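Asker: Submitted below is the structure of interest, expressed as structure tokens.
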Amino acid sequence: MPHLGNASISYDGRVEFEERLRDRDAWSIGDGCSAQRVLDLLATRTVFLVVRECFYGTTRFEDFAARIGASAPAISRALKQLESAGILTRVPYKEPGSRARDEYRLTDAGEDLLPVFLSMVQWGDKYLQDGRPPLTFVESDTGRPVRVRVSADQVAETTSDDIGIRLNPAWRRSGVDR
């Protein structure tokens with residue numbers, strides 16, 4: 001059975017608690033649960049899709065609104081929430097003849113959401129796409145598919161700068177050039 005620190009994963013899909021934690025009615029972490037805090041942060045569709053778009057290279061307010069299809073107030077709230085949580089930072093830019101504006105970029109904390117994002121995509125590809133996911137995430141240098149997995153092995157991390165996104169040839173939908 002593989003071990004993860006003081007816990008191990010059993011073959012029936014549940015984690016095994018250390019002895020003093022096995023009586024689940026005797027303890028609670030309540031609001032201290034990290035999973036709950038992440039869900040609180042990324043709970044709305046718009047917030048999560050803003051993070052997705054950041055990984056896809058979107059940086060400007062108008063582009064978030066166009067690509068996500070949410071209202072300007074919803075995009076604005078999501079950007080403010082992510083900035084206040086330290087996931088995004090604003091970077092000023094100015095196009096010739098225009099006023100100064102801000103772009104939104106992922107911080108290190110935002111970049112660290114990459115495995116969370118890819119895990120959700122990977123799960124959706126497997127269980128919600130009938131075997132035909134629209135996109136494939138690959139190592140830019142090798143073209144090998146990128147996968148997220150739980151492991152005790154020490155492996156080099158892949159960053160968003162190392163990932164290429166390809167249209168899956170098995171996916172067919174009108175409006176997408178092949």
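Asker: Please go through the range 14-46 and pick out each residue that is open to solvent by 70 Å² or more (accessible area, probe 1.4 Å) and either on the phi > 0 side of the Ramachandran plot or among the basic types (Lys, Arg) (or both).
Answerer: ARG14, ARG20, ARG22, ARG24, ARG37, ARG45
Asker: Hey, does the range 109-122 have a residue that's surrounded by fewer than 12 Cβ atoms within 10 Å (Cβ to Cβ), out of contact with any Pro (no Cβ under 6 Å at 6 or more places or on another chain) and of a type in the set (Ser, Thr, Tyr)?
Answerer: So far as the range 109-122 goes, no, none of its residues is surrounded by fewer than 12 Cβ atoms within 10 Å (Cβ to Cβ), out of contact with any Pro (no Cβ under 6 Å at 6 or more places or on another chain) and of a type in the set (Ser, Thr, Tyr).
Asker: Name the strands (runs of 3 or more DSSP E) wholly within the range 49-167 that hold at least 1 residues that are over 13 Å from the mean Cα position of the chain (by Cα) and in contact (Cβ under 8 Å) with a residue 40 or more places away in the chain?
Answerer: In the range 49-167, 101-106, 163-167 are the strands (runs of 3 or more DSSP E) which contain 1 or more residues that are over 13 Å from the mean Cα position of the chain (by Cα) and in contact (Cβ under 8 Å) with a residue 40 or more places away in the chain.
Asker: Determine whether the range 30-40 contains at least one residue that is basic (Lys, Arg), at pLDDT 95 or above and part of a helix (DSSP H, G or I).
Answerer: The answer is no; no qualifying residue exists.
Asker: Kindly indicate whether LYS94 is more than 25 Å from ASP162 (Cα to Cα) and at pLDDT below 95.
Answerer: Yes, satisfied.
Asker: Here is a list of conditions, (1) under 24 Å from LEU82 (Cα atoms); (2) modelled with pLDDT of 90 or more, and LEU128 meets all of them except one; can you say which number that is?
Answerer: The failed condition is (1).
Asker: Against the condition open to solvent by less than 40 Å² (accessible area, probe 1.4 Å), at pLDDT 80 or above and closer than 18 Å to SER84 by Cα, how does LEU49 come out, does it pass?
Answerer: It is true that LEU49 is open to solvent by less than 40 Å² (accessible area, probe 1.4 Å), at pLDDT 80 or above and closer than 18 Å to SER84 by Cα.
Asker: Hey, another quick one. Taking the options LEU82, LEU4, LEU21, name whichever one is under 26 Å from GLN122 (Cα atoms), aliphatic (A, V, I, L, M) and at pLDDT below 90.
Answerer: After ruling out the rest, the residue left standing is LEU4.
The values are calculated or read from the model by the stated rules, or taken from the named source; none is laboratory data. Bear in mind the structure is a predicted one, so any value in this text is a computation, not a measurement. Reconstructed Cβ throughout: ideal geometry from the backbone, glycine too, with neighbour counts over all protein chains shown. Only protein heavy atoms, including side chains, enter the accessible area calculation; ligands, DNA and RNA are left aside. Shrake-Rupley method; radii C 1.70, N 1.55, O 1.52, S 1.80 Å.
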